[in-house]
1. Please give me, ordered by residue number, the chymotrypsin sites (Phe, Trp or Tyr not before Pro) of region 250-294 that lie in loop per DSSP and have at most 14 other Cβ atoms within 10 Å.
2. Please compute the volume of the convex hull spanned by the alpha-carbon atoms of region 367-425 and report it per residue in Å³.
3. Starting from the exponent 0.38 and prefactor 2.2 Å, build the expected Rg for region 80-200 from its residue count and divide its actual Cα Rg by it.
4. Round to the nearest 0.05 the FRET efficiency obtained for Val597 and Ser150 when R0 = 35 Å and r is the Cβ-Cβ distance.
5. Nearest 5 percent is fine: what portion of the DSSP beta bridges confined to the chain is antiparallel?
6. In the chain, if the dipole is taken from +1 on Lys/Arg beta carbons and -1 on Asp/Glu beta carbons about the Cα centre, which of Tyr339, Ala139, Pro480 is farthest to the positive end?
7. Dividing the convex hull volume of the Cα atoms of region 4-114 by its residue count, what figure in Å³ per residue is obtained?
8. Give me the Kirkwood hydrodynamic radius of region 142-292 in Å, from all C-alpha pairs, to one decimal place?
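A short reminder: the numbers here are calculations on the coordinates, not readings from a lab. In this text the structure is predicted, and so the values were computed from the model without any measurement. Cβ atoms come from the backbone with ideal geometry, glycine included; neighbour counts cover every protein chain shown.
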Amino acid sequence: MSNFKDELESLSPLQQAAIALEQMQSKLDAMESARTEPIAIIGMGCRLPGASNPDAYWQLLRDGVDAVRELPPGRWDMDAFYDPDPNALGKIYTRQGGFLSDVDQFEPEFFGISPREAIYMDPQQRLLLEVAWEALENAAVVPKKLVNESVGVFLGNSLMDYAQMMFSGAPEDITAYAPTGSGLAFTAGRLAYVLGLQGPTLVVDTTCSSSLVAVHLACQSLRNAECKLALAGGVNLPLSPHLAISFSRFGALAPDGRSKAFDASSNGYGRGEGCGVIVLKRLSDAITDRDNILALIRGSAVNHDGVSSGMTVPNELSQEKLLFQGLKNARVTPAEVSYIEAHGTGTPLGDPIEIGALGTVFGKGHSQDSPLTIGSAKTNFGHLEAAAGIAGLMKVVLVLQNKEIPPNLHFNEPNPHIDWASLPFRVPVERQAWPRGEKPRIAGVSSFGMSGTNAHAVLEEAPITDNEALADKPAGVTRPFHLLTLSAKSSEALRELAGNYAKYLESHPEAPFADVCFTTNTGRSHFEHRLALVAGSSAEAQGRLDSADYVVAKAGWEKSKVVFLFTGQGSEYPNMGRQLYETQPLFREILNQCDAVLRPLNVPLLDLLYSDDPNPDIVLSTDMTYLQPTL
């Protein structure tokens with residue numbers, strides 16, 4: 001340090017100033033890089049109408065499934081509230097929507113919650129706990145390792161139906177669990193408490209744009225180094241008819257419960273429910289940690305409509321500003337964006353305004369020969385309101401991963417209030433391939449709140465990164481067998497888990513079996529009830545899981561250290577342990593260290609063990625100079 005100071009003082013004032021400017025520029029560049037660093041999506045979980053996980057969600061989208069149906073039993077008496085007359089007071093003029101099944105099912109003990117307290121928990125809280133856990137598993141992140149870490153929770157949630165139900169009864173029936181079980185703040189607070197997270201934790205309520213605004217805030221928090229990992233998403237679970245009655249009063253709902261985005265028959269939106277959670281990291285951290293990157297969030301933006309012709313009326317100019325700002329923050333040009341997951345509710349007023357804003361921003365960057373493709377997941381299962389943004393974002397991730405754009409349902413006749421002839425846009429009516437050009441695939445997703453708060457995010461397909469583990473492995477070296485381990489908190493849950501993995505292996509024959517085993521062994525929590533099997537392929541493992549051909553055991557409470565002992569003399573042989581050396585990075589690293597320590601030997605350790613032309617006479621000799629260090 002003193003030498004540098006002396007050298008610096010020997011320079012002229014002009015030279016010193018130049019060095020100072022370079023240092024300042026380096027700091028500014030580092031700050032700008034941190035401010036604009038892409039955010040990696042490394043895990044996803046969801047419960048959506050007709051889809052209980054991301055794989056099922058993609059299948060629903062790919063196959064063009066209409067998941068709208070009648071209200072399931074156990075909610076409210078639809079016959080008492082339904083009336084096809086839109087002017088009937090106190091009634092709902094539609095019976096259908098995008099609904100989930102079994103929303104009353106929950107295993108509180110899994111999360112350390114008593115059954116009594118669980119009764120007073122909003123089902124939205126219960127749903128988020130399950131989906132967030134699954135998102136972490138999808139990211140191969142063990143929740144136990146996040147305890148007391150700076151992990152953020154950013155969730156969108158607007159509905160308080162359960163709270164209204166709990167507080168509308170007799171005052172003496174109100175319990176101490178009511179506030180924590182029903183307050184919006186506890187939607188995120190409960191998740192952070194159960195998982196032991198200590199990062200920024202908050203709930204966003206901007207109505208329909210809540211969950212995408214939550215994602216925007218999570219990205220900002222990561223870039224500001226407020227947290228090292230973030231859970232972001234939203235939940236929406238209508239449990240009461242009252243809001244639907246209100247929506248019926250101003251004609252917001254489609255009589256058939258379907259959102260017919262961009263179609264001439266658009267006549268309101270269909271209500272939907274669901275939950276989605278994504279796991280986020282800074283890209284640099286995700287690469288360092290060798291995470292499985294699903295897609296990147298290049299940038300995002302949030303604004304408000306300001307003054308418009310009505311409190312709930314969209315503002316086209318504000319939407320244009322939002323899109324331009326989102327592209328600027330992502331450092332992306334309109335021409336680079338090939339797909340937009342639109343807000344696309346299917347309302348006669350909202351759709352033309354949204355398409356108009358998209359035309360202003362993206363029209364000049366596209367042509368009829370290279371059009372911008374536009375779609376909306378709301379055509380599959382309705383408008384998920386507070387969870388709509390995360391459902392749209394997850395669709396974009398799946399589109400980028402699968403390099404296909406699914407069909408937009410109910411698009412039979414283009415909306416005549418939109419000047420399609422002058423717009424280089426395409427609404428897909430069937431599944432279409434998305435070929436990669438010279439640059440990575442890029443898409444945008446929009447979510448506009450009834451309250452006037454709008455959000456837009458720009459996503460890019462996952463980067464092609466060097467897998468150091470594979471790069472280090474010598475070519476052609478594979479293990480003939482792999483160990484698959486699973487665990488659960490009960491024997492019944494373990495059997496169900498085994499069945500789920502059997503189905504996964506059957507439906508994903510392309511998934512490397514070694515990677516599947518690595519994830520189950522290292523990226524999952526280890527519970528009391530466990531199973532293990534050894535197999536050489538996915539098909540073999542699937543067969544053993546289906547036939548229960550595996551070892552089952554119940555773990556004890558004591559934690560024992562794992563010890564590998566290689567000892568004895570007389571059982572050694574050439575290439576002993578070579579497969580471990582060639583397939584296990586940690587084993588290879590330690591053996592390389594031993595080789596460096598034993599360099600004084602005339603014959604290097606690795607040559608003794610794994611020479612391409614081994615000399616058994618040396619290795620198997622009784623000369624302790626070689627034999628004992630080798631053993």
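1. Details: sites: Phe250, Phe262, Tyr269; in loops: Phe250, Phe262.
Counting only loop positions with at most 14 other Cβ atoms within 10 Å, the chymotrypsin sites (Phe, Trp or Tyr not before Pro) in region 250-294 are Phe250.
2. In region 367-425, the Cα convex hull volume per residue is 109 Å³.
3. Dividing the Cα radius of gyration by 2.2 N^0.38 Å gives 1.29.
4. 0.35
5. Working: 51 of 73 bridges.
Counting DSSP beta bridges with both partners in the chain, the antiparallel share is about 70 percent.
6. Going by the charge dipole, the pick is Tyr339.
7. 325 Å³
8. For region 142-292, inverting the mean 1/r across all distinct Cα pairs yields 17.6 Å.
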